[in-house]
1. Taking only Cα atoms, what is the 0 to 90° angle, nearest 10, from helix 37-69's long axis to the longest principal axis of the chain?
2. From the backbone phi of segment 27-34, what are the Karplus-calculated ³J(HN,Hα) couplings (6.51 cos²θ - 1.76 cosθ + 1.60, θ = phi - 60°) in whole Hz, Gly and Pro given as x?
3. If the chain were replaced by its equivalent ellipsoid, with semi-axes equal to the square roots of 5 times the Cα gyration tensor eigenvalues, what would those be, largest first, whole Å?
4. Quote to one decimal, in nm, the extra length available between L61 and A46 on full extension: 0.36 nm per residue of separation minus the C-alpha distance between them.
Amino acid sequence: MSKQDKKAYDLEKKAFPILTQALSKEIYHQFVNCTTTKALWDTLKARGEGKATTRKLRHMLSEMFSSVYGK
């Protein structure tokens, strides 16, 4: 194993438990299939973007209904 590979392995070994411990028990089951830090991070990032998209859509719908129904 090269020095760079060892360094990447050591970082992976440290980062993955930190990220998984930061997850709440309620959502941990959604990330069980992630076996690498990169996969876990990408899944968390996608989930966060989904929430942002949902907020935007909800806001747009709220504005649309407000203009239609005057509320």
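Just so it is clear, none of the values below were taken in a lab; they were calculated from the coordinates. None of these values were measured; they are calculated from a predicted model.
1. 0 degrees
2. Whole-Hz 3J(HN,Hα) from phi for segment 27-34: 10, 4, 4, 6, 10, 4, 6, 7.
3. Sorted largest first and rounded, they come to 40, 13, 8 Å.
4. 3.2 nm
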